[in-house]
1. Here are a few candidate values for Rg and Dmax of the Cα atoms in Å: (i) 18.9, 64; (ii) 15.6, 51; (iii) 17.9, 54. Which one was actually calculated from the structure I just gave you?
2. As a check on your grasp of the helix formula, calculate [θ] at 222 nm for the chain: sum -39500 (n - 2.57) over DSSP H runs of n ≥ 4, divide by the residue count, round to the nearest 500.
3. What is the chain's relative contact order, in percent, from Cα pairs under 8 angstrom and six or more apart in sequence?
4. Note down the nm distance, to one decimal, between modelled labels 7 Å out along Cα→Cβ at Asp81 and at Met15.
5. Can you give me the C-alpha center-to-center distance between region 134-152 and region 66-106, rounded to a whole angstrom?
6. At 0.36 nm per residue, and after removing the present C-alpha to C-alpha distance, how many nm does the segment from Asn182 to Lys143 gain when stretched out fully?
7. For Asn171 and Thr101 in the same chain, what is the full-extension length gain: residue separation times 0.36 nm, less their Cα-Cα distance, in nm?
8. Is region 18-59 rounded, prolate or oblate when judged by the Cα gyration tensor, a ≥ b ≥ c being the square roots of its eigenvalues, rounded requiring a/c under 1.5 and prolate requiring a/b larger than b/c?
Amino acid sequence: MAPRKSAEQELSREMIMDRARELFVTKGYQHVSMRQVAKELNCSHGAIYYHFKNKAELFYALVEEHFQMLDQVLDHIMNEDLHSTEKLKKIMLGFIKFGLTYQNHYEIMFLIKEEDVLNFINQGPNKSYDKFAQALSLLSDGKLTIQEIWCIFLSLHGFVTHYIRHVVSYNEVEQLAQFHVNFLLKSIL
């Protein structure tokens, strides 16, 4: 048996989060313990507790990080010097691309429903959705209603969730994603 790793020397939050992400997606939140994460990392469970006080905090850290990544995609697109219609298209394609490029992240962000952590993760999705909704409202010159923006989000989310377990990457469905987004654009422009 290999010696366990020292928390301060080798084990990082990122290493723990990477392994936990895989476990949460494959086994489900309820079926993962801090001891299992430690075992996967070949370290003591105390080393995990050095970085996270409990499983819910670890899960919350993942969700928080993932929504920050999605927000960065949106911010980057909004800062580009493009016509409003092009930005709308890039935002919608960016959402799909994010979901299919970071499938494990997306599942944790939107598809795991665990009572223990729902209170922790309510802010991330709301903040990201507000940013998405404000961008669509701004880029449509306020022509889109709240309900229409919600329907666009649901349509994009539905596209991602339909393909999330059937494709390895966004590239496999890029043409379909572009068709889907162009179809949505026709209905809102």
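All of the numbers you see were taken from the coordinates with simple rules; none came from a lab. In this text the structure is predicted, and so the values were computed from the model without any measurement. Cβ atoms come from the backbone with ideal geometry, glycine included; neighbour counts cover every protein chain shown.
1. Computed from the coordinates, Rg and Dmax of the Cα atoms in Å corresponds to (i).
2. Taking each H run of at least 4 residues, the total per residue is -22500 deg cm²/dmol.
3. Normalised by residue count, the contact order of the chain is 23 percent.
4. The two pseudo-label positions are separated by 4.5 nm.
5. 16
6. The span from Asn182 to Lys143 would gain 12.3 nm if fully extended.
7. Here the segment from Asn171 to Thr101 would lengthen by 24.3 nm.
8. Because a/c hits 1.5 or more and a/b fails to exceed b/c, region 18-59 counts as oblate.
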